[in-house]
Amino acid sequence: MKMMPLALTLHAPQTVMVSSSPIYLLPTSSLQNRTSFRAFCSSVSPETIHSEGSKAEYKPGILDHFFLNSFRDKFVKEVGWDSEKPGYGGLIELAKALMMNSRSNSDTKDAAVRILKSLFPPLLLELYKILIAPIDGGKVAAMMVARVTVLTCQWLMGTCKVNSVDLPDGTSCNSGVFVERCKYLEESKCVGICINTCKLPTQSFFKDYMGVPLLMEPNFSDYSCQFKFGVSPPLPEDDDTLKEPCLDVVRCCLEHAASVAKTFLMSDCVVVEIKEPEPVPAGNPMDNSGLHF
């Protein structure tokens with residue numbers, strides 16, 4: 001099976017469509033907001049996981065359930081649909097729906113950024129960017145968000161800890177977060193979901209709304225992930241993470257096709273846009289040069 005770099009799905013309009021023409025599923029509440037569906041073939045194969053020994057599993061607490069429900073509610077408002085699955089499994093289905101409902105990867109990223117932004121009071125983000133981010137060249141802000149990430153996001157990512165990372169100025173700082181085995185990636189088993197609904201939007205959110213550069217380095221072999229607050233991400237063409245190939249194309253395509261089929265069955269109205277054929281220029285009826293007797 002031919003391996004396709006994920007970068008093609010990020011920077012080229014190549015999508016796997018369910019039919020030969022764009023399909024739009026319209027909920028009864030809003031027939032004017034059309035939403036195209038795209039299928040991404042970026043599933044991570046379990047055979048590529050090489051874990052060494054058992055790692056401690058994070059056990060969610062009461063606050064973690066609150067964070068999960070709040071995060072899921074924001075997803076539901078953005079997607080306009082909720083999964084029947086409870087808990088974390090439903091959140092993963094919503095992440096998949098977010099990708100499927102977006103017209104492009106850029107739209108998926110923007111939607112995920114809106115979800116992250118909606119979790120914070122607007123004034124808090126502005127004050128943090130203006131007052132905290134400039135202190136000591138950004139190191140204080142980077143260390144603060146690293147610690148807050150560990151305290152509030154283990155329900156989403158699993159066990160993680162603060163660690164030291166090298167900064168662009170040649171110094172090191174305890175502004176890193178190492179995720180031992182990312183639950184979000186492990187549950188979704190999809191490179192596309194990791195890149196488009198987590199890595200890229202999270203990097204943009206911290207830089208644009210909190211003034212803290214962030215580089216996220218997911219490892220698709222063991223599901224670990226390294227956050228580097230205070231480090232800017234490379235250009236897309238230089239980011240090796242975006243060049244990860246699709247590892248289980250058939251499985252991922254079938255899962256997305258089943259998801260689209262389910263949405264078709266549950267929709268009250270389906271509109272299919274059919275591209276009209278280009279008109280054929282009228283020829284000269286007296287011209288018989290093309291006829292051969």
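The values are calculated or read from the model by the stated rules, or taken from the named source; none is laboratory data. Worth saying up front: this structure is predicted, and the values here are computed from it rather than measured. Using ideal geometry, Cβ is built from the backbone for each residue, glycine included, and neighbour counts are taken over all protein chains shown. The protein model used for the area step is the full one, side chains on, heavy atoms only, and it has no ligands, DNA or RNA in it. Shrake-Rupley method; radii C 1.70, N 1.55, O 1.52, S 1.80 Å.
The set of residues in segment 175-193 that are modelled with pLDDT of 95 or more and open to solvent by less than 20 Å² (accessible area, probe 1.4 Å) comprises Ser175, Gly176, Val177, Val179, Cys182, Tyr184. Among residues of segment 140-152 being buried (at least 18 other Cβ atoms within 10 Å of the Cβ) and touching a residue at least 40 places away in the same chain (Cβ under 8 Å), the one that is farthest from Tyr88 (Cα to Cα) is Ala141.
For segment 70-81, the count of residues that are free of Cβ contacts under 8 Å to residues at least 24 places away in the same chain, touching a Lys or Arg at 6+ places or on another chain (Cβ under 9 Å), of a type outside the set (A, V, I, L, M) and over 23 Å from Asp208 (Cα atoms) is zero. Filtered by the rule that a residue be open to solvent by 20 Å² or more (accessible area, probe 1.4 Å), farther than 17 Å from Leu156 by Cβ and not basic (Lys, Arg), segment 80-104 gives Gly80, Trp81, Asp82, Glu84, Asn101, Ser104. Pairs linking a residue in segment 118-134 that is over 12 Å from Asp208 (Cβ atoms) to a residue that is open to solvent by 90 Å² or more (accessible area, probe 1.4 Å) and not in a loop (DSSP other than H, G, I, E, B), with Cβ atoms under 8 Å and 6 or more positions apart or on different chains, are Ser118/Lys77. In this structure, Lys129 does not satisfy being in contact with a Ser or Thr (Cβ under 9 Å, 6 or more places away or on another chain) and either surrounded by 13 or more Cβ atoms within 10 Å (Cβ to Cβ) or assigned to a helix (DSSP H, G or I) (or both). Given the criteria modelled with pLDDT of 95 or more and either under 26 Å from Trp155 (Cα atoms) or hydrophobic (A, V, I, L, M, F, W, C) (or both), does Leu26 qualify? Answer is no for this residue.
Regarding Arg103, is this residue touching a strand residue (DSSP E or B) at 6+ places or on another chain (Cβ under 9 Å) and not in a helix (DSSP H, G or I)? It is true that Arg103 is touching a strand residue (DSSP E or B) at 6+ places or on another chain (Cβ under 9 Å) and not in a helix (DSSP H, G or I). Every test in (1) modelled with pLDDT of 95 or more; (2) open to solvent by 60 Å² or more (accessible area, probe 1.4 Å); (3) in contact with a strand residue (DSSP E or B) (Cβ under 6 Å, 6 or more places away or on another chain) is passed by Arg251 save one, and that test is (1). Could you please let me know if Ile274 is at pLDDT 60 or above and open to solvent by less than 70 Å² (accessible area, probe 1.4 Å)? No.
Here's the yes/no breakdown for (1) over 26 Å from Pro121 (Cβ atoms); (2) open to solvent by less than 20 Å² (accessible area, probe 1.4 Å); (3) in contact (Cβ under 8 Å) with a residue 24 or more places away in the chain; (4) not β-branched (Val, Ile, Thr):
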{"residue": "Asp136", "(1), (2), (3), (4)": "no, no, no, yes"}
{"residue": "Thr159", "(1), (2), (3), (4)": "yes, no, yes, no"}
{"residue": "Ile195", "(1), (2), (3), (4)": "yes, yes, yes, no"}
{"residue": "Cys198", "(1), (2), (3), (4)": "no, no, yes, yes"}
{"residue": "Asn219", "(1), (2), (3), (4)": "yes, no, no, yes"}
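Okay, residues lined up against (1) modelled with pLDDT under 95; (2) aromatic (Phe, Trp, Tyr):
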site: Asp208; (1), (2): no, no
site: Phe227; (1), (2): no, yes
site: Pro233; (1), (2): no, no
site: Lys243; (1), (2): yes, no
site: Ser267; (1), (2): yes, no
